[in-house]
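Here is the structure we will look at, set down as structure tokens.
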Amino acid sequence: MITFMYISGIISKYYNIRVPFPSLRVQVIGGLLFGIYGTVLMNYSFPLNEDTIVDLRHLAIVTAAVYLGGLASVISGLVISILRIAIFGLSSPAIDAGFVMTLIGLSGVYFAYASWSRLTKIITMNLLGITLIFVILVLNSSSMNSLMKVYPLQMTISFVGGIFIYFIAEFINKSNEMLFLLERRASTDHLTNLSNRRQFEKSLELQLERARENRQKLSLLVIDIDRFKKVNDTYGHSAGDAVLKQLGQLLIEHSRSADMVSRNGGEEFAILLLDCGNHQALAIAESIRQSVEKYLFALPDGTTIRLTISIGVAVFPDHCDEQDDADFFEQADRALYEAKNTGRNRVCAIPKRSKVLIGNRLL
């Protein structure tokens, strides 16, 4: 079970399990996995007679119900039931065992969404499973003495195992959550929750490569708040932080869903516009500029102020060296400085580069 939980913990890093009700995809995959885990546990069993074995397979269903959801619980129960018959043959005990596993899986629907702690769910569902299994064992055992030699040990291991699974699962959950937070903090600006400079550079490199491969346009907006230092000096740094947060939200609202918005440091932001040419990029930039100009930024003390931004626009491959990633950002930065130096509160783009053939090189 430790091995199973460890493997599940690794797999869970690639899926969103940090929500109250995981997606159907997560539950289906998890249900199948725990169904397989429960089947493997049948090989570590106490033989009661020729057709009947006592094991801990129900703990896989309990774990699926508590940590993944009702659908995962039902799927794991059905998988264990089907494989029990497929591997060990069709017999009356096999049918009874399949019925019990399916029943435990169905009960997991209730336990999955009950408003109890996970530990309470595991203990209660485990006890229910042990009780149902005992009833089936009594029906399939010709000797009560033989059953009582095995069942107390199985019940003890099952109960202790359920508690043990809880602590292992909680440890894995917390470890994954900490890893998720660390990864997010490494790529996210702490103030605005936008991508940070590091993530922006990774995205820029990736999208430039895709644009080259697909022969698509890629536009970059570099945005700077005009006279932002005056806001900090006049109203304080908390007011400046409030402005940055609101501007970040404005940029998201006025960008397309596929575009990538980042804060690259201080009052500088950037937006990568995917599959976007020069005219469309300029139109989006102008729309953002006008929206910011009209917006009333609310400060912590209740004061509202108006601000403007300057935007530099560059388009790949029109404005840059196709083989030089750094040149793309530099051209957008040059356009931003032109906007700043020609009066601020404007959108500027450098002229499109003309390309001539010299020798065998296109320049």
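Just so you know, all these numbers are worked out from the coordinates, no wet-lab data involved. Because the structure is a prediction, the values reported are computed rather than measured.
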If the convex hull is drawn through the Cα atoms of region 225-301, its volume per residue in Å³
88
Taking θ as phi - 60°, what are the ³J(HN,Hα) couplings along region 107-112 by the Karplus curve (6.51, -1.76, 1.60), each to the nearest whole Hz, with x for Gly and Pro?
5, x, 4, 5, 5, 4
Can you list the equivalent-ellipsoid semi-axes of region 177-336, largest first and in whole Å, using the square root of 5 times each Cα gyration tensor eigenvalue?
28, 19, 13
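Taking square-rooted eigenvalues a ≥ b ≥ c of the alpha carbon gyration tensor, is region 39-190 rounded, prolate or oblate, where a/c under 1.5 means rounded and, failing that, a/b exceeding b/c means prolate? Write out the running numbers ahead of the final one.
Details: a/c = 2.46, a/b = 2.16, b/c = 1.14.
Taking the square roots of the gyration eigenvalues as a ≥ b ≥ c, region 39-190 is prolate.
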Per 10 Å bin, what percent of the C-alpha pairs of the chain does each bin hold, from zero upward?
5, 20, 19, 13, 12, 13, 10, 6, 2, 0
Over region 181-240, volume per residue of the alpha carbon convex hull, in Å³
98
Taking H as built 1.01 Å from N, whose amide H comes closer than 5 Å to the amide H of THR188, not counting residues under 5 places away?
ASN196
Report, in whole Å, the centroid distance computed from the Cα atoms of region 247-277 and region 58-89.
46
Per the C-alpha gyration tensor (a ≥ b ≥ c, the square roots of its eigenvalues), region 168-271 is rounded if a/c is under 1.5, else prolate if a/b beats b/c, else oblate; here it's oblate
Between 0 and 90 degrees, rounded to the nearest ten: what's the tilt of helix 58-67 against the longest Cα principal axis of the chain?
30
Would you check the chain for Lys pairs whose C-alpha atoms are within less than 16 Å, ignoring same-chain pairs closer than 8 in sequence, and give me the count?
5
Along each of the three principal axes of the Cα atoms of region 58-143, give the extent in whole Å, ordering the values from largest to smallest.
40, 26, 14
Just report the Cα centroid separation between region 161-216 and region 32-48, whole Å.
35
Calculate how steeply helix 197-214 sits against the longest principal axis of the alpha-carbon atoms of the chain, using the helix alpha-carbon long axis, and give the answer as 0 to 90 degrees to the nearest 10.
90
Rounded Å value of the spacing that divides the Cα centres of region 129-150 and region 283-338:
74
So the angle from the long Cα axis of helix 70-88 to the longest Cα principal axis of the chain, reported in degrees to the nearest 10, equals 50
Summing -39500 (n - 2.57) over the DSSP H runs of n ≥ 4 in the chain and dividing by its residue number, what mean residue ellipticity at 222 nm do you reach, to the nearest 500 deg cm²/dmol?
-21000 deg cm²/dmol
Amide H to amide H under 5 Å from VAL54: which residues, 5+ apart in sequence or cross-chain, H placed 1.01 Å off N in plane?
PHE46, LEU48
